[in-house]
Amino acid sequence: MSGATNPLTEINVIDILRQRCGGAGAGVMLGIGDDAAVTQVPAGCELVTAVDALVEGTHFLPDAPPGSIGHRCLAVNLSDLAAMGATPHWATLSLSLPAPDRAWLMAFADAFGRLAEGHNVSLIGGDTVRGPLAVSVTLLGTVPKGAAVSRSGAAAEDRIYVTGLPGRAAAGWRQGAGKLPADMSMAELYRQCFEYPVPRVRFGIELAQLASAMIDVSDGMAPDLGRLLKASGVGAVVDIPDLGCLQQDFGIATARDLFLAGGEDYELCFTAPAAADNGIAELAKRCDVPVARIGTVTAANGLRWRHNGVDISGDVPAFEHFVA
């Protein structure tokens, strides 16, 4: 980003964010402009809180469009709340900028504001500092008391499902970083999946009545499903679904790696009893969300992956922040 053109003061930055992302939504008693925000949780509900940080070079490329950064920093948190079956309400934003300029900030704020408005989220506060380009969002939402979906509810014989096709966002990241060829048939789709993920908010909220356990897919299918199974104290046998355009563009080995360990998808992986099959199919159709049944929970621990009927052996790598 360039800071030489039309530089901004901290007050300017806050004013732009307030004008384009703020607003007094439902439950906001006191928003931007004081030492802290005050919100009112609806009666009979519990507060659900998620926080995610996006750092240049780790979560987005140095030349990433500011609109993409504004969209993604909220989308990743919306996905976390969707995985809990929670309705989002309020967000805080911490923004570190090396040298902000008006055009960059307005594009960032417009994208954040559009996504926030689409999900009835109000920006109620935050912080701005000078430093390396990084964004952190805290998102707060609610669920009816006792209704939050955790990772720990899966039981033997439950079915395992996933929305969308994990791996496409990772393909977009790797193409942008020059780690995969960019002249593929679906290159624009991969880029869009990475830069502008679509959080499954409505689907997650309604799915809460059917799912036994749920997790959002941010680090790859293998590690994230593994976390759900560990929390539930169960195992699973899972068949990798049709990898479609990923396999056509990159071959079976790379496509499988993208699906299992690519990350950055923000899809939902969940379990549900067999009796919920029809309800899940109807909900997927109503929300226009593609859903694939990929496996079955087992009483014995361990995660067994198969592809085209053949077992996959060996460890599956996953994204790790603190390992080079």
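The values are calculated or read from the model by the stated rules, or taken from the named source; none is laboratory data. Keep in mind it's a predicted model, so treat the numbers as computed, not measured. Because the Cβ atoms are built from the backbone with ideal geometry, glycine has one as well, and the counts that use them run over all protein chains shown.
Summary of computed values
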| read-out | value |
| --- | --- |
| Subset of segment 157-173 (residues that are farther than 19 Å from ASP216 by Cβ and either at pLDDT below 95 or buried (at least 23 other Cβ atoms within 10 Å of the Cβ) (or both)) | none |
| Given (1) out of contact with any strand residue (DSSP E or B) (no Cβ under 9 Å at 6 or more places or on another chain); (2) small (Gly, Ala, Ser); (3) at pLDDT below 95, number of the condition GLY233 does not satisfy | (3) |
| Residue, surrounded by the most Cβ atoms within 10 Å (Cβ to Cβ), within segment 236-258, restricted to residues that are touching a helix residue (DSSP H, G or I) at 6+ places or on another chain (Cβ under 6 Å) and under 13 Å from ARG168 (Cβ atoms) | LEU258 |
| Residues within segment 95-116 that are within 18 Å of the chain's Cα centre (by Cα) and either among the aliphatic types (A, V, I, L, M) or in a strand (DSSP E or B) (or both), tallied | 3 |
| Qualifying residue in segment 130-141 (condition: under 22 Å from LEU246 (Cα atoms) and hydroxyl-bearing (Ser, Thr, Tyr)) | no |
| Unique match (being touching a residue at least 24 places away in the same chain (Cβ under 8 Å), under 19 Å from SER212 (Cβ atoms) and more than 21 Å from the chain's Cα centre (by Cα)) among GLY279, GLY244 | GLY279 |
| Residue identified as surrounded by fewer than 19 Cβ atoms within 10 Å (Cβ to Cβ), at positive phi and either of a type in the set (Asp, Glu) or at pLDDT below 95 (or both) among GLY57, GLY146 | GLY57 |
| Residue in segment 181-200 that is buried (at least 24 other Cβ atoms within 10 Å of the Cβ), modelled with pLDDT of 95 or more and more than 21 Å from HIS59 (Cβ to Cβ) present | no |
| Residue that is farthest from GLY44 (Cα to Cα) [pool: residues in segment 129-174 that are within 17 Å of the chain's Cα centre (by Cα) and of a type in the set (Lys, Arg)] | ARG168 |
| Filter result (more than 24 Å from GLY153 (Cα to Cα) and among the β-branched types (Val, Ile, Thr)) within segment 286-312 | VAL310, ILE312 |
| Checking ASP183 against (1) more than 30 Å from THR142 (Cβ to Cβ); (2) touching a Leu at 6+ places or on another chain (Cβ under 6 Å); (3) charged (D, E, K, R), the condition it does not meet | (2) |
